[in-house]
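> Below you will find the structure I want to go over with you.
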Amino acid sequence: MGRYVLRRLLQLIPVFLGTTFIIYTLVWAIPSDPFAGKCGQRPCPPEYVAKMRADFNLDDNLFVQYVKYLGKLFTGDFGQTFSGVKVGTLIADAYPITIRLAVIALVIEGVIGLVAGVLTGLRKNGFLDNLVLVATLFLISLPVFFTGYVLKVGFGISVSSTAPLGDLIVPGFVLGSLSMAYVARLTRTSIAENRRADFVRTAIAKGLPGSRVVGVHLLRNSVIPVVTFLGTDLGALMGGAIVTEGVFNIHGIGGLVFINIQQQQGVVVTGVVTLLVLVYLAMSLIVDLLYAVLDPRIRYE
Amino acid sequence: MSDPAVVAADEPELEQIVTGKQDKPRSLGSDAWHELRRKPTFLISLILILIVVAMALFPGLFTHVSPTAADLNHARGGPSAQAWFGYDVQGSDVYARAIYGTRASLLVGVFATLGTVLIGGIVGIVAGFYGRWTDSLLARFADIFAGMPFVLGAIVIMLTLNAPGSNPGETRILSQVVFSIAVLSWPVAMRIMRAATLVAKQQDYVKAARGLGAGPLRIIFRHLLPNTVAPVMVYATIALGANIGAEATLAYLGIGLRPPVVSWGVMISDARDYVAAAPHILLFPAAFVSVTVLAFVMLGDAVRDAFDPKSR
């Protein structure tokens, strides 16, 4: 177990380096001068540009720049924007609401998706099954901004950045709607497949009540693909929140990246994406470790 | 009056069932085709897709109004007998624009899917076939792109290729949108292909081919590919729908296709600021996107069920 975790952690390093390097290169490769228009109507004095370039290591080789950035990152310093605001503060301001939104979306999609999946998986081809299948088809084919606008106009919602959890339910529903459809379908397939397994027949033959057969024996064995999906989805929800945040006017991570990439504040963009990638990697590790809890047959060599 | 052709066509099928033995066993493909022909969802989605393709190829058949003609007198006018779907902000006919927008949206969807499947398929089959360190290397490489959130990654790529404020040409931006979608979504196709290859590699016919001295290229193209291509094709159908939605999302954010290109995404992005005053400008192109995505996802679903004997 310990060796498995260690090996997985070691495998994370190249992925982490690769992602941050690609983002860093791309952001600083944007083909225009980041300091153009920073000094109002007149062109910037050469001293200013020279100092800024030196401060942001822009005159170094790309690899040197990247290594310098990484070095700072490992001491917990995300760097600062061109106007001297600490990126750490910016992220700390924007992150909580995005995390709350993503977690709410995850809970909503997990609960509704699992319940719908279990109900339909147990009774294949019934009325409810067809209803849920059609509903998931529609959820998958509606673009997020569309559901967002319809629900926003329908409920007349506006959300402030200090919104209580209750206000985030509708945006969370919008954000999680697509994944909810996937969760429902995954659960349905998985339950339907395991329903005919020997251990379920044994459990029924032992005379266990139906709720226990389904809730413990069947669900625990069927939930592994769903857990995989939910785990890796948290990172995707945070990164994908940009559209939902735009529709509901929430000032979270998505808006932060969008504004800053247009101003070529490479430090901010790299910082946020690095965080999101870390969340994704951490979640996929946690999910892999959860497998053994759900299914004791799984061993880590 | 009984139709002799129908009776004749039915006969061999009956025989197969009665005798249980048949001269020519049905392959998985023709089995799936028999299953599919009877499915209403398959037929509905096929008809919808044919209509959408016809709209992309011959938009003139569906409307005689020019999509770029604009009359500010009609700006934001609601649906009427003249313009079924109303007029947009510039006073152009929303129906005509939606018809003419099909081509760009479908092009992006098709080419992005093609790119995804090609990159993912090649990398997946190589990783699965060679295994060992090639596999780990390629899997980690795929993780890099899988971990990057799609929308954020696309924003970064699109803005790197076009500096803010620049105005690239029509073909250029189209290929850039295709490129960014393909680059960010190939890991899924790669995983599907890799899993299928790992299974097929263990089969006896591959061992036999290897024993007969077949080279890696021959094994991959003659033996592995025909047996691994089905799950990727099913994924491609569903991904095609998703990519059309992705084009709309990118355009909505203002980084995808942009005027003078006419596409559903561009229409949606134009309508963004007028939703409260004139919801029909957003609703109709969004409905076109939804119905098209729905058709492709439904098709993918039906094909997957037909090819998966377990689900029967």
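The values are calculated or read from the model by the stated rules, or taken from the named source; none is laboratory data. Small disclaimer: the values here were computed from a predicted structure and weren't measured. Cβ atoms come from the backbone with ideal geometry, glycine included; neighbour counts cover every protein chain shown. For accessibility, only protein heavy atoms count, side chains too; no ligands or nucleic acids. Shrake-Rupley method; radii C 1.70, N 1.55, O 1.52, S 1.80 Å.
> Quick one: is residue B:268 part of a loop (DSSP other than H, G, I, E, B), under 22 Å from residue A:242 (Cα atoms), facing chain A (nearest Cβ under 10 Å) and among the β-branched types (Val, Ile, Thr)?
Criteria not met by residue B:268.
> Do any helices (runs of 4 or more DSSP H) entirely within the range A:159-240 hold 1 or more residues that are within 14 Å of chain B (Cβ to nearest Cβ), and if so, which?
It comes to A:169-194.
> Now, a different point. Take the residues in the range B:158-170 that are at negative phi, open to solvent by 30 Å² or more (accessible area, probe 1.4 Å) and of a type in the set (Gly, Ala, Ser), then tell me which one is modelled with the highest pLDDT.
So, considering only residues that are at negative phi, open to solvent by 30 Å² or more (accessible area, probe 1.4 Å) and of a type in the set (Gly, Ala, Ser), the one modelled with the highest pLDDT is B:169.
> Oh, and also: With the checklist (1) among the aromatic types (Phe, Trp, Tyr); (2) within 22 Å of the chain's Cα centre (by Cα); (3) assigned to a helix (DSSP H, G or I) in hand, flag the one item residue A:78 doesn't pass.
Going through the list (1) among the aromatic types (Phe, Trp, Tyr); (2) within 22 Å of the chain's Cα centre (by Cα); (3) assigned to a helix (DSSP H, G or I), residue A:78 breaks only (3).
> For the range B:84-103, how many residues meet the condition of being in a helix (DSSP H, G or I), open to solvent by 10 Å² or more (accessible area, probe 1.4 Å) and touching a Phe, Trp or Tyr at 6+ places or on another chain (Cβ under 8 Å)?
1
> Follow-up question, since we're still on this one. Select, from B:144, B:155, B:173, B:192, the only residue that is surrounded by 19 or more Cβ atoms within 10 Å (Cβ to Cβ), away from every other protein chain (no Cβ under 11 Å) and closer than 30 Å to residue A:271 by Cα.
Testing whether each residue is surrounded by 19 or more Cβ atoms within 10 Å (Cβ to Cβ), away from every other protein chain (no Cβ under 11 Å) and closer than 30 Å to residue A:271 by Cα leaves just B:173.
> To continue, here is another question. For the range A:261-272, enumerate the residues that are modelled with pLDDT under 80 and either in contact with a Gly (Cβ under 8 Å, 6 or more places away or on another chain) or surrounded by fewer than 24 Cβ atoms within 10 Å (Cβ to Cβ) (or both).
Hits for the range A:261-272 are A:262, A:263, A:264, A:267.
> How about the range B:198-223: which of its residues are of a type in the set (Gly, Ala, Ser) and outside any helix (DSSP H, G or I)?
B:213, B:214, B:215, listed by residue number.
> Given the options B:151, B:117, B:89, B:126, name the one that is under 17 Å from residue B:269 (Cα atoms), of a type in the set (Val, Ile, Thr) and at pLDDT 80 or above.
Testing whether each residue is under 17 Å from residue B:269 (Cα atoms), of a type in the set (Val, Ile, Thr) and at pLDDT 80 or above leaves just B:151.
> Follow-up question, since we're still on this one. Looking at the range A:113-139 only, could you name the residues that are within 11 Å of chain B (Cβ to nearest Cβ), surrounded by fewer than 24 Cβ atoms within 10 Å (Cβ to Cβ) and under 21 Å from the mean Cα position of the chain (by Cα)?
Listed by number, the list holds a single entry, A:139.
> In the range B:176-209, what residues are closer than 12 Å to residue B:224 by Cα and basic (Lys, Arg)?
Answer for the range B:176-209, where residues must be closer than 12 Å to residue B:224 by Cα and basic (Lys, Arg): B:194, B:201, B:207.
> Within the range B:236-252, is there a residue that is away from chain A (no Cβ under 14 Å), within 12 Å of residue B:117 (Cα to Cα) and open to solvent by less than 50 Å² (accessible area, probe 1.4 Å)?
yes
> Using the structure shown, decide if residue A:161 is modelled with pLDDT under 85, touching a His at 6+ places or on another chain (Cβ under 9 Å) and open to solvent by less than 70 Å² (accessible area, probe 1.4 Å).
So residue A:161 fits the description; yes.
> Okay, next question. Of A:277, A:267, A:272, which residue is more than 9 Å from chain B (Cβ to nearest Cβ) and aliphatic (A, V, I, L, M)?
One residue alone meets the criteria, A:267.
> Yes or no: residue B:226 free of Cβ contacts under 8 Å to residues at least 12 places away in the same chain and outside any helix (DSSP H, G or I)?
For residue B:226, the condition - free of Cβ contacts under 8 Å to residues at least 12 places away in the same chain and outside any helix (DSSP H, G or I) - is not met.
> Across the range B:271-291, what is the number of residues that are within 8 Å of chain A (Cβ to nearest Cβ) and either small (Gly, Ala, Ser) or within 16 Å of the chain's Cα centre (by Cα) (or both)?
Adding up the residues that qualify gives 5.
> Which of the numbered conditions does residue B:195 fail, given that it passes all the others? Conditions: (1) part of a helix (DSSP H, G or I); (2) free of Cβ contacts under 8 Å to residues at least 12 places away in the same chain.
Result: residue B:195 fails condition (2) only.
> All but one of (1) assigned to a helix (DSSP H, G or I); (2) surrounded by fewer than 21 Cβ atoms within 10 Å (Cβ to Cβ); (3) without any contact (Cβ under 8 Å) to a residue 24 or more places away in the chain hold for residue B:183, so report the exception by its number.
Of the numbered conditions (1) assigned to a helix (DSSP H, G or I); (2) surrounded by fewer than 21 Cβ atoms within 10 Å (Cβ to Cβ); (3) without any contact (Cβ under 8 Å) to a residue 24 or more places away in the chain, the odd one out for residue B:183 is (3).
> Within the range B:53-62, identify whether any single residue is farther than 30 Å from residue A:277 by Cβ and among the aromatic types (Phe, Trp, Tyr), and answer yes or no.
yes
> Still on this model: Looking only at residues in the range A:1-35 that are modelled with pLDDT under 75 and more than 10 Å from chain B (Cβ to nearest Cβ), which one is nearest to residue B:162 (Cα to Cα)?
The selected residue is A:34.
> Still on this model: Restricting attention to the range A:243-260, report how many residues are open to solvent by 10 Å² or more (accessible area, probe 1.4 Å) and part of a helix (DSSP H, G or I).
6
> Taking residue B:278 as the residue in question, decide whether it is modelled with pLDDT under 75 and either open to solvent by less than 20 Å² (accessible area, probe 1.4 Å) or touching a Gly at 6+ places or on another chain (Cβ under 8 Å) (or both).
Spelling it out, residue B:278 is indeed modelled with pLDDT under 75 and either open to solvent by less than 20 Å² (accessible area, probe 1.4 Å) or touching a Gly at 6+ places or on another chain (Cβ under 8 Å) (or both).
> Oh, and also: Go through the range A:247-299 residue by residue and tally those that are closer than 22 Å to residue A:80 by Cα and among the aromatic types (Phe, Trp, Tyr).
Within the range A:247-299, residues that are closer than 22 Å to residue A:80 by Cα and among the aromatic types (Phe, Trp, Tyr) number 1.
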